[in-house]
Every structure is written in C-alpha cells, then in structure tokens.
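To start, the structure under review is shown below, and the notes come after it.
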Amino acid sequence: MKVSLHSVTYSGFFYKGKPIRIEEVVKRVKEFGYDGVEVMAKRPHANPVDLDKKRRRELKEITDSYQVEIAILAAYNDFSGPDPLRREMNILYLSEVIKLAYDLEVDKVRVFAAGMKSVDPRLSYWDHWRLCRDGLKEAARFASDYDVVLGLQNHPPIIETYRDVIAMINEVSEENLKAIIDPELLIWTNDIDPLAPDVGRRLSEIYHEVREYLIHVHVGDLIIRQGELVWSPNGTMSMAKMKRLERVPLGKGLFGKIAKDFVEALKSIGYNGFISYEICSPRYVNHELVTLEVIDKEVKSGVKYLRSLIS
C-alpha cells in the first residue's frame, strides 16, 4: 500500500492562513515523505477551467520531477435536486475533471452522488436517488472514453451506508464505476461502532464485501462530542441533543481505535492502492482555528503514523 495526502488539507478552508498553491503542496508531499498527492479538482487547487494546456503540462512536470504520483483527482459533483440546469452544470463540471485527469495521466476520479450537504427537501429520497444514478451513469460513460475510473465515495447524503455504494454501482451498471469506502464515513453512517469489541471482524466483513469494487480510501481522525441542544418548534418542550464531530491528529481519535484492524482488513483483501490522509474539516485547538504550522506538523506526523501501520 502507498500513502498520499489530499490537497484539500492545504486549501485554506480549515486553518488560519492562505491556501497553499498546488505546486507547493506537491513539494510538501515529497518533503514530508508521502508517495502521492490527491488533487482537489476545484479552487484554489485544480479547477479545470483554471488550468490551460500549459498549466496542466507544468503540473505534470512538477509531480514527475518530485517523483510524486497523482493518486486520484477529487471531484465535487452533486447530481441531486430538482433543477435540471444545475445537474447539467454538474455533469459538465465532472466531464471537465475527467478531461483534466486524462491530461495529467491520472486514471481515477473521486465522485459523490449528491455532494456533501443536505439535499433539496422538495424531492423524495427515491427521486434524488434516481437523479444521482442517472448522473453517475452519464458521467461513467463519458469517463470510459478517457480510460478513467470513477470512485463513488460512501459520503452522505443519499449514500447512507456503504451498501448504498454497492447498490448504486450495480444499478448504474458501468464497469468503470467503482467504490471508495472510508473508515471515518463508516463511523458517521453507523456501519461500524469503533468502540465495539468486534469492530475488527466487522471491518473485515465490510472490506471483503467491497473488495471487487475498492479503488481508493481516505483516512482522517475525529472525536464525537455532545453538540447543540435543539428544541422542537411546536412548543411541546421536546428537545434533541446533537452530536459534534471534531477533527483531531491522526491516531488520536476514533480512527486510532480501529486503525490496526482497518489496515489488516485491507491487507486481507489484497488491497495495494493508496491510503489518502486528509484534514477535511476545520481543526480547532482550545476553541481556536489552528495555524498552518500546526497543519504542517500534523501532516508530518500523519505519514509516519500510516507507515507504521502498513509496514
């Protein structure tokens, strides 16, 4: 197995400071000891509309010169919703990401079904599913002309469990639509309980179930804290306690509880692709957003931690 860093880590979204240019991210990846980089296919890193032929050639030359493999491009599509023009724009965007992958000699693109946030409540779950299925099918057919494989991530919404990824792949029925099944998202969707005594067995079952589809995985770490208290608007004094997910250094949270079992599960199915570390949500220490220096420190320690697991 190989270790990559998702460039979203240095996008400027999750720490105090400016985004790091993708060329500088590649330098950090090499300096810190990663094998590859997962490139965020949107601004500020690699939105296809910002990269003309010259920029694409230069980026490929930089990764080659540092001997850093581009593991995968990460697209940010959303095929849900009632607006046909919005869906067409998403299909167009993903088509351009696929072309970018081809130009960079990358054969994989991470895709979502319905983005990362809540879907439009005016449509039923079933309608959203159908629209996402149609969008993924069209995208997969387009990608096949460029010898690009799409990896559907087990990221909500609409994808509510890893089994939904399998179901979507089977319904789309295109050979180049595969799966990205991330352990953190398995925790989010209650596919696993990271504190259960049999979590190792459960991880092994899941990854054996997806072995023929799996092309990439992401890892990050978090803790779950008590969050906002939400009161019912109907005046009945009903309330619900929300949960808050908080980002922590790799190995210090719930992923740390399952890390060895996760890697053993991957080894047991013969997985030899990339494990991509990402800091993909705001990172706070003492209720303050961290600095770029803290991100650098955690990215350095992250690769050491992952190498100790896969060695």
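Every read-out reported here was derived from the displayed coordinates using simple, explicitly stated rules and does not represent laboratory data. These numbers come from a predicted model, not from an experiment. Cβ placement follows ideal geometry from the backbone for every residue including glycine, while neighbour counts extend to all protein chains displayed.
For a quick check: with amide H placed at 1.01 Å from N, whose amide H comes under 5 Å from residue 291's, ignoring anything fewer than 5 positions away on the same chain?
For residue 291, whose amide H was placed from the backbone, the distant partners under 5 Å are 16.
Cα centroids of region 247-278 and region 199-213: how far apart, whole angstrom?
Region 247-278 and region 199-213 have Cα centres separated by 13 Å.
Evaluate the chain: find the radius of gyration of its Cα atoms, find its Kirkwood radius, and give the ratio Rg to Rh.
0.96
Return the sequence-ordered ³J(HN,Hα) values of region 243-249 in whole Hz as given by the Karplus equation 6.51 cos²θ - 1.76 cosθ + 1.60 applied to θ = phi - 60°, using x for Gly and Pro.
Once rounded to whole Hz, the list reads 9, 10, 8, 10, 6, 9, x.
Amide H to amide H, which residues 5 or more places from residue 219 or on other chains are under 5 Å from it, using H placed in the peptide plane?
Those lying under 5 Å, H to H, from residue 219 are 276, 277, 278.
So which residue, out of 236, 291, 161, gets the largest mean-square fluctuation from a GNM of the chain using Cα contacts under 10 Å as springs?
The residue with the greatest mean-square fluctuation here is 236.
Which FRET efficiency value, to the nearest 0.05, do you get for residue 21 and residue 288 by plugging their Cβ-Cβ distance into 1/(1 + (r/R0)^6) with R0 = 22 Å?
0.30
Cut-off under 29 Å on the C-alpha distance; same-chain residues fewer than 8 positions from residue 241 excluded. Which lysines are left, in chain and number order?
Counting by Cα, and skipping residues close in sequence, residue 241 has these lysines nearby: 117, 252, 257.
What list of ³J(HN,Hα) values in whole Hz, one per residue of region 219-226 in order, does the Karplus curve 6.51 cos²θ - 1.76 cosθ + 1.60 (θ = phi - 60°) give from phi, with Gly and Pro shown as x?
Per residue, the Karplus-derived 3J(HN,Hα) values read 9, x, 10, 7, 10, 10, 10, 5 Hz.
Could you list 283, 244, 122 so that the one with the fewest beta carbons within 10 Å of its beta carbon is first and the one with the most is last?
Arranged by neighbour count, lowest to highest, 283, 244, 122 become 122, 244, 283.
Once amide H atoms are placed 1.01 Å from N in the peptide plane, what residues at a sequence separation of 5 or more from residue 152, or on another chain, have their amide H within under 5 Å of its amide H?
Those qualifying (amide H under 5 Å, at least 5 residues apart or on another chain) are 111, 178, 179, 180.
Which of the lysines could be linked to residue 27 by a straight reach, that is with a Cα gap under 23 Å, when you skip same-chain ones fewer than 8 residues away?
Within the straight-line limit of under 23 Å, residue 27 reaches these lysines: 2, 16, 18, 42, 53, 54, 60, 108, 297, 300, 304.
Compute the signed sum of charges (Lys and Arg +1, Asp and Glu -1) over the other residues within less than 14 Å, Cβ to Cβ, of residue 293.
Charge balance near residue 293 sits at +3.
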